[in-house]
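Asker: Following this message is one structure expressed as structure tokens.
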Amino acid sequence: MLKILICTISRNNAKRLKRWKRQLNILLDNLLETNSVELSIYENDSTDGTDRILKQYASELSTRCKTSFTSTKLGTEHLIGKEGARVKNIAAARNNCLEQASDISSFDKIIFVETDVSYNPSDVTTMLHHPGDIVSGFTTNAMGEFYDAWATRKTSEETWWNHGIPQLETPVWSTFNGVCVYNSKPFIEGARFAGINPRTNEIDCDTTVICEVFRSMGFSEIIMLPINVRHPPNTFKERLYYLKQRLLGRGA
């Protein structure tokens, strides 16, 4: 039996939370049969009702397993892209989500699940039982293109994923891709997310930084599996493409 912590952070994702909860409930169905599971949910500065919806969902999920929920107003801007302030804010949210749970030393695995992705919950079980220190699938956008390109790197020299869609299990320098399973030991020993890469001393993606931190602590088996995690359409072009695929019977 594993003791598992599932962490989710969210901001202004109200329209996608129903799917997040549905997938999470199926994942809990799978995991609670043979494991102990705890949830930690953290939200800050939402303006679209995300805070209210997550509060309700956290209450419902608490009937299934221990659930921690925080909603707070920090007064931070909702930034996009590679801004240093953005990755610093996201890293702080991830760390708060980790630290509000029970004693972190009691967990074997920690799973981060984003609120804006579509995944097969049974695939998370596959990731969970892989022996790697950090294990993910790969994300695609609504047009089938690789999505999490900034966080995913094949070598230490890269800053962007330019290797297409993986067909096989792939050792990588860093990964996240919407659903990511971590060995808990580095977190127990003090590893935390940040917005500055400790190797280059430059602003970097928070989920790349945690991979660098794991490596510096001797936890270097970082794996991307050929498991597709999908992001919903965001741009007008993606929405048109997605609608066309649905009409042709090819969509999810």
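Values in this text are rule-based calculations from the coordinates and carry no lab data. If you're wondering where the values come from, they're calculated on a predicted model, not measured in any experiment. Note: ideal-geometry Cβ built from the backbone for every residue, glycine included; neighbour counts use all protein chains shown.
Asker: Taking R0 as 30 Å, what's the FRET efficiency between Glu189 and Ile26 from their Cβ-Cβ distance, rounded to 0.05?
Answerer: Details: r = 32 Å, r/R0 = 1.07.
Plugging the Cβ-Cβ distance into 1/(1 + (r/R0)^6) gives 0.40.
Asker: Next question, about the same structure. Between Asn12 and Glu145, what is the FRET efficiency for a Förster distance of 22 Å, r being their Cβ-Cβ separation, to the nearest 0.05? Don't skip to the end; give the middle numbers.
Answerer: Numbers: r = 24 Å, r/R0 = 1.08.
With R0 = 22 Å, the Cβ-Cβ based efficiency is 0.40.
Asker: Could I ask something else about it? Tell me, how many Å apart are the Cα centres for the stretch 115-174 and for the stretch 49-101?
Answerer: 23
Asker: For the chain, what proportion of DSSP beta bridges, expressed in % and rounded to the nearest 5, is antiparallel? Write out the running numbers ahead of the final one.
Answerer: Working: 14 of 39 bridges.
Antiparallel: roughly 35 percent of the beta bridges in the chain.
Asker: Highest mean first, how do 163-175, 185-197 rank when packing is the count of other Cβ atoms within 10 Å averaged over residues? Can you show the working numbers first?
Answerer: Values: 163-175: 15.7, 185-197: 17.8.
Highest to lowest by the protection proxy: 185-197, 163-175.
Asker: Still on this model: Of Lys21/Lys66; Lys55/Lys185; Lys18/Lys73; Lys21/Lys154; Lys21/Lys109, which pairs sit farther than 25 Å apart, going by alpha carbon to alpha carbon? All intermediate terms of the calculation are to be shown ahead of the outcome.
Answerer: Numbers: Lys21/Lys66 15 Å; Lys55/Lys185 30 Å; Lys18/Lys73 23 Å; Lys21/Lys154 32 Å; Lys21/Lys109 20 Å.
Distance filter (> 25 Å) returns Lys55/Lys185; Lys21/Lys154.
Asker: Still on this structure, please answer the following. Just one of [x] 13.2; [y] 20.3; [z] 16.8 is mean projected area of the Cα convex hull in nm² calculated from these coordinates, so which is it?
Answerer: Read-out from the structure maps to [x].
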